[in-house]
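Report on the structure given below.
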Amino acid sequence: MSETESVRLDGLFRKIELPDFQRLLEDEDSAYALIAAEKWKEGFVCRHCGHTNYCLGKSPHSRRCTRCKREESATAHTIFHKCKINLREALQIAYMVCHSPAMSSYELSRRVEIRQMTCWKFKKKIMECLEEMGSEGEKA
């Protein structure tokens, strides 16, 4: 697997319809909760020391290793890490790209009211992630 941990976008978004998905994302905190739940659904493992016990970190839905005290945010090592747009909008773009990969960046821009170039760059990142996950599935 690459440096970026895959939050299984395709599986996460294909299970739910858009109106239900938008209700899940009522605020930024619920967006972080969704990412954290998907990222650590099989349990937390510290990337530094491998320890599985944690406590809550300082940022929303982050986890801090109880052994080495390193903190990991919910978005770290995902495509949402250091994302310049807010997480709710990023999740909406990811949802639309997973459901309609052929959707243009212009249409994404119109729907989420973000600059077209921002949508293009983030869509490119999502498509690369989906391609990588697809090629890993073929190897297994």
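Only a single item in (1) under 25 Å from residue 134 (Cα atoms); (2) surrounded by 18 or more Cβ atoms within 10 Å (Cβ to Cβ) is not met by residue 46, and it is number (1).
A quick yes/no check of all residues on (1) assigned to a loop (DSSP other than H, G, I, E, B); (2) at pLDDT 75 or above; (3) at positive phi:
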| site | (1), (2), (3) |
| --- | --- |
| 3 | yes, no, no |
| 13 | no, no, no |
| 19 | no, no, no |
| 26 | yes, yes, no |
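For segment 36-43, the criterion of a residue being surrounded by 20 or more Cβ atoms within 10 Å (Cβ to Cβ), over 13 Å from the mean Cα position of the chain (by Cα), more than 24 Å from residue 115 (Cα to Cα) and modelled with pLDDT of 90 or more is satisfied by no position.
Which residues, counting only those in segment 48-63, are polar (S, T, N, Q) and either at positive phi or free of Cβ contacts under 8 Å to residues at least 12 places away in the same chain (or both)? If you could, list the steps in order and put the result at the bottom.
Filtering segment 48-63 for residues polar (S, T, N, Q) gives 52-53, 59, 62.
Matches in segment 48-63: 52 only.
Scanning segment 114-134 for any residue that is out of contact with any helix residue (DSSP H, G or I) (no Cβ under 7 Å at 6 or more places or on another chain), closer than 25 Å to residue 23 by Cβ, at pLDDT 90 or above and part of a helix (DSSP H, G or I) turns up at least one such residue.
The values are calculated or read from the model by the stated rules, or taken from the named source; none is laboratory data. As the structure is a prediction and not an experimental result, all values here were calculated from the model. Glycine also receives a Cβ, built like all others from the backbone with ideal geometry; neighbour counts cover every protein chain displayed.
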